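What follows is one structure encoded as structure tokens, with my remarks underneath.
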Amino acid sequence: MSHEELLSSYDDILSYQIFIFTDILFKQKNKIFFHFFVSQQLLT
């Protein structure tokens, strides 16, 4: 494997990790929002 190939695969891994990370964050945010929404509905 050449140096360039190594770098490009490292780039792919990095962008993949960022993708996973934002995906997890987004899901957590939605869960929190959903929970908040439901609790608001229950209070009224």
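Derivation of every value follows stated rules applied to the coordinates shown; laboratory data play no part. All values reported here derive from a predicted model rather than from experimental measurement. Positions of Cβ are backbone-derived with ideal geometry, glycine not excepted, and every protein chain shown enters the neighbour counts.
Data for the structure
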item	result
Enumeration of residues in the range 30-44 that are hydrophobic (A, V, I, L, M, F, W, C) and surrounded by 10 or more Cβ atoms within 10 Å (Cβ to Cβ)	ILE32, PHE33, PHE34, PHE36, PHE37, VAL38
Search result, residues across the chain that are among the β-branched types (Val, Ile, Thr) and assigned to a helix (DSSP H, G or I)	ILE13, ILE18, ILE20, THR22, ILE24, ILE32, VAL38
